[in-house]
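The values are calculated or read from the model by the stated rules, or taken from the named source; none is laboratory data. Keep in mind that what you see is a predicted model, and the values were worked out from it rather than measured. All Cβ positions, even for glycine, are placed from backbone atoms using ideal geometry, and neighbour counts span all protein chains on display.
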Amino acid sequence: MSLPEKLSPEKLYKTCNPGEFSFRSTADLDGPIKATGQERAFEAIAFSMGIKHDGFNLFALGPNGTGKQTAIMQFLATIAPLAPVPSDWCYVNNFKQPRHPGALKLPPGKASTLSRDMEHLVEALLTVIPSAFSSEEYQVEEKNIREKFQEHQAEAFEDLEKKAAEQHIALIRTPAGFAFAPEKNGEVLKPEEFMSLNKKEREAIEKEITNLKSAMQLIMVQIPKWQRETQEKINELNRNIANFAVKPLMAELKNSYASLSEVIEYIETLENDIIENFDQFLEKEPDPREMLLGLPAGKFQQKGALLNRYRINVIVDNSKSEGAPVVYEDKPACQNLVGDIEHISQMGTLLTDFTLIKPGALHRANGGYLLIDARRLLLEPLAYEALKKALRTRQIRIESLAQLYSLVSTVSLEPEPIPLDIKVILIGERQLYYLLNVYDPDFSELFKVAADFEDELPFDGDGKLAYARIISAIAKTDKLRHFDRGAVARVIEQGSRITGDSTKLSAHLQSISDLVREADYYAASAKRKLVKAADVQKAIDARVLRSSRIQEKIREATLKNSILIDTESEKVGQINGLAIYSPGGQSFGHPGRITARIRLGKGEVIDIEREVEMGGPIHSKGVLILSGFLGARFAIDQPLSLSASLVFEQSYSGVEGDSASSAELYALLSALSGVHIRQWFAVTGSVNQFGQVQAIGGVNEKIEGFFDLCNARGLSGKQGVLIPASNVDNLMLRSDVVNAAKKGRFSIYPVTHIDEGIELLTGVPAGVLDKSGNYPPGTVNGMVVAKLKEMAEKIRKFTASSSNDED
Amino acid sequence: MKLLIPPEEHNILFRHITVALDCSAHSNASLNAAAELARLMQADLTGIFVEDINLFRMADLPFSHEIRMYTAEPEKIDTVQLERSVKLQAREAESSLQRVAGECNVEYSFRVCRGVVPTEVIAAAPDEDLLVLGRSGRSPSCRKGLGSTARRALAEGKKPLLLMRPGFSASEGSLLVLYDGSEGAHLALSTAISLKKSGNTLHLLLLAESYEESLEMERELKQERALTNIAVEFHHLPLNNGKTVVRYIRMAASGLLILSDRMKLSRESVHDLVREIDYPVLLV
């Protein structure tokens, strides 16, 4: 078996050659930021926006900062202006049922016109109606009707009074009513005078008075009826006058909206209401009690109330729109989406009416496109449910949340729902999309299209040019310095480093934008007109430095031997693994000591991390896999008569991942074979049950972490890292690591199988099965087999002696 | 310039004004008019409330019942309750007087007496005191024409006498004077000049046997010093009977009518006219 060669420096870092670029600086580039490599997502967006059926709303998924929103906005900017402008909507008073305000649909721009017309109408009616009712003709007519009633009443009383007077009986008004009494010369008889009359005369008087009282009662019973009749006549007169005054104005209004049947219908109900309630247009004396309470009084109150009653509450005004609306709702709270019914407090009571209905984003985007951040939507109570309900029912129904949940006990409204025709675009992370898909049965019905944005671009000519364009666009938008070719190349290299893949570039625009701005800052500090590669490098280094406190502390503790990491000697059952730490946004690697000890046992490999519940499931899985490898390789013919324990030394915060499983296997093989492992190596890579070494993440950070420690102690030329061969494409190492490799002071070895690794680590051949199925003596595997045999024998002897003792 | 009207009559001043109060709409109008005139003429104001003796007598009768306004049911009159109600009315009348007099900033006094209402009211305003009455009182039957007190005051020739009705003012608005050149007409004109506020029009209805005479009257009046600087409108009517005058007044609707019963028109015609028209009248 040939051992893998250490990687050449060229393999450790993929450079971007500035000479490839045709531009001198990003100032030569123009055009918008165009996301490259997102064809799949664009196809999905175009499909979703084009299809007119229900439920084909879009979920744009991908990591934050990959330009999903920008890409969608750019796409919508091409199609939205070509779409028809949607209708205006407004809410109007429902005069019969004020709790259910009516929704009125108008052609674009007509709602605000109608609103203005209605205000003018009220203004005009405030003049026209009072003048009609103060006209002499009306006053005379009304007076006549009232006079007739008075005359009718007076005549009835006069007749009765005359009849009474003929019998010398007076009709007298008492404080509470009427009474009859005998009179003489205009004065009521004194009791003694009355009593002096003879019985017959007294009886005659009493009888007459009784008759008169009955007649009086008859009259009084009729008075309410006469009053009612009079009032009806006055009402009729009022209606006629109001109708006469209002009709010309209404005719003019109807003429303006003749083609809109719904508006005409509303104007007719409005006309009836004005005629029925004409008195509200007449000037009233201010109520002193209301003035005392600080309420708007008199004319202002009257005008305000009328303007409100007949106001057009314009919910959607598309008078200035061109094409379909594109709305991004930054705060997708329930009431911001479907609208809200506000209340005003008056004397401690919450009041509302149709003028307090507020539109939501669904209203504004109706007939167009609504973009919402999925995470924010889900964080807002009830907002997601409200959105789904609107999409499912295809109408916007405004409900007061406080009312719905009985948080406020007051009169509220139930406005007529407005039909909804919209494309909703949710933007969110992949995890959210998958979770919604699994847990919400409605989701897949309503968001049938997914635009899956790539995290990475290919590290090729197109990708590089896309990066250059992005830098150019950011520089122009943010008024930054332009980047020269070298600086662009350095940004591209960093883009590849972010992906951890030398064949890819990061599509995380946010990171690129931040780097561009930071590099501009350093260029400004250096008083340069163009940003150079050195500025980009300084920005990268500064970013690392800013977040390197913990890394420094750990390295310091290692150099002081508080954390024991050997990089010089050779040890049995001990190896340097590599771990990744990710505090905050930055990741860094650092070596950790892994040790393995064996004893007699029944073949189990004890993962100490798992035993104390500090190991994650993937780590435990890795340990079980390596146990599987051991069993398959060494326990076919004999049982594994050992117990092995594996641990990450000085780990206090738990371990996760299987990237240390190859290192653990090497430590175990060393412990079993008694062969020393060279401590100047560190190892990363997972292993499968066949002993193949598999790719892991964060390879660059891990290598750099070990390099930094070795570098701090002094590079001996022996030091290096064993990585999975499949991770070679991921290498984008720091320049100091590459330089050290160039000078032969640090090495990276790509390993494909555990046997290659153990030979590199020990300098002893791993050993291959011979024809007889044995590993040659003197090889690691041979020594492992010998050791296992020895242990099995010991177990056997021990078991036999134990059985004899028991007998 | 002629001096048809002696200078001492240019400012006829009522030194004392008596107003009859019974809490009816007409009475309230009378109170307002009386207070306005009292302010205008710096006169004292006396409010009189008469507890109708007839009411109490009736209450003492064995079979007395009143038919309540809002139930139309007869109920036995309770004398104590009646006393209380009448006192309450009197208090109400006094507080109205107090309020209106306060608003007009005039001196006032209030008197309650018991007796036959017209007798007591007329007796309360002796000699030259102006008596202000509602054209009608609380009885629904005398809504048209004159109430019993007004009728009696007119019959007894009580002067000066102001008969008010709701909806009019004694000092605001235009005035209408019946003028036929008689002594009484001069007095009416003098009173009108005293009452007239600047800006209001004084309508002079000239009554003469012939149109020429009427024009002559107008010409003479135009030379009258007291009428210079006053907006005067002259109207002409033949002096034959009161009915034409009544019709004219109704058509003109020019507010307070000032006239005398010592004119060429007969006293009865004047009284008929006062009874017929439904406008406030100041009889001097």
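Would it be correct to say that residue A:157 is closer than 24 Å to residue B:85 by Cβ, free of Cβ contacts under 8 Å to residues at least 60 places away in the same chain, at the interface with chain B (Cβ under 10 Å from one of its Cβ atoms) and surrounded by 19 or more Cβ atoms within 10 Å (Cβ to Cβ)? The answer is no for residue A:157. Restricted to the range A:125-154, and to residues there that are among the aliphatic types (A, V, I, L, M) and surrounded by 15 or more Cβ atoms within 10 Å (Cβ to Cβ), the residue that is nearest to the other protein chains (Cβ to nearest Cβ) is A:154.
A residue that is at the interface with chain B (Cβ under 8 Å from one of its Cβ atoms), over 30 Å from residue A:249 (Cβ atoms) and in contact (Cβ under 8 Å) with a residue 60 or more places away in the chain occurs nowhere in the range A:163-185.
For the range B:218-263, filtered to residues that are among the β-branched types (Val, Ile, Thr) and over 11 Å from residue B:205 (Cβ atoms), the residue that is surrounded by the most Cβ atoms within 10 Å (Cβ to Cβ) is B:232.
Take the conditions (1) surrounded by fewer than 14 Cβ atoms within 10 Å (Cβ to Cβ); (2) in contact with a helix residue (DSSP H, G or I) (Cβ under 9 Å, 6 or more places away or on another chain); residue A:541 misses just one of them, which is (2).
Might you let me know whether the range A:349-364 holds any residue that is among the charged types (D, E, K, R) and in a strand (DSSP E or B)? Yes, the range A:349-364 contains a residue that is among the charged types (D, E, K, R) and in a strand (DSSP E or B).
If the condition is being among the hydrophobic types (A, V, I, L, M, F, W, C), surrounded by fewer than 23 Cβ atoms within 10 Å (Cβ to Cβ) and more than 14 Å from residue A:605 (Cβ to Cβ), then the range A:622-654 contributes only A:636.
When A:216, A:195 are checked against the criterion of being among the aliphatic types (A, V, I, L, M) and loosely packed, with under 15 Cβ neighbours inside 10 Å, A:195 stands alone in meeting it. Residue B:95 falls short on exactly one of the conditions (1) more than 11 Å from chain A (Cβ to nearest Cβ); (2) in contact with a helix residue (DSSP H, G or I) (Cβ under 6 Å, 6 or more places away or on another chain), and that condition is (2). Just one of (1) closer than 30 Å to residue B:89 by Cβ; (2) of a type in the set (Ser, Thr, Tyr); (3) at pLDDT 90 or above fails for residue A:115. It is (1). Selection of helices (runs of 4 or more DSSP H) fully inside the range A:495-560 by the criterion of at least 3 residues being within 25 Å of residue A:63 (Cα to Cα) returns A:509-525, A:533-546.
Inspection of the range A:658-665 identifies at least one residue that is in the same structural domain as residue A:580 (by TED's automatic domain parsing), under 12 Å from residue A:575 (Cβ atoms) and outside any helix (DSSP H, G or I).
Within the option set B:59, B:90, B:125, being crowded, with 22+ Cβ neighbours inside 10 Å and either more than 9 Å from every other protein chain (Cβ to nearest Cβ) or in contact with a Phe, Trp or Tyr (Cβ under 7 Å, 6 or more places away or on another chain) (or both) holds for one residue only, B:125.
Here's the yes/no breakdown for (1) over 28 Å from residue A:84 (Cβ atoms); (2) small (Gly, Ala, Ser):
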{"site": "A:338", "(1), (2)": "no, no"}
{"site": "A:372", "(1), (2)": "no, no"}
{"site": "A:375", "(1), (2)": "yes, no"}
{"site": "A:378", "(1), (2)": "yes, no"}
{"site": "A:386", "(1), (2)": "no, yes"}
{"site": "A:394", "(1), (2)": "no, no"}
{"site": "A:399", "(1), (2)": "yes, no"}
{"site": "A:419", "(1), (2)": "no, no"}
{"site": "A:434", "(1), (2)": "yes, no"}
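Answer yes if at least one residue in the range B:26-44 is basic (Lys, Arg) and within 14 Å of chain A (Cβ to nearest Cβ), and no otherwise. No, because not a single residue in the range B:26-44 is basic (Lys, Arg) and within 14 Å of chain A (Cβ to nearest Cβ).
Per the listing B:136, B:109, B:169, B:96, the residue uniquely polar (S, T, N, Q) and touching a Ser or Thr at 6+ places or on another chain (Cβ under 7 Å) is B:109.
For every residue, the table says whether it meets (1) over 16 Å from the mean Cα position of the chain (by Cα); (2) assigned to a helix (DSSP H, G or I).
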| site | (1), (2) |
| --- | --- |
| B:207 | yes, no |
| B:220 | yes, yes |
| B:226 | yes, yes |
| B:240 | yes, no |
| B:263 | yes, no |
| B:269 | yes, yes |
| B:282 | no, no |
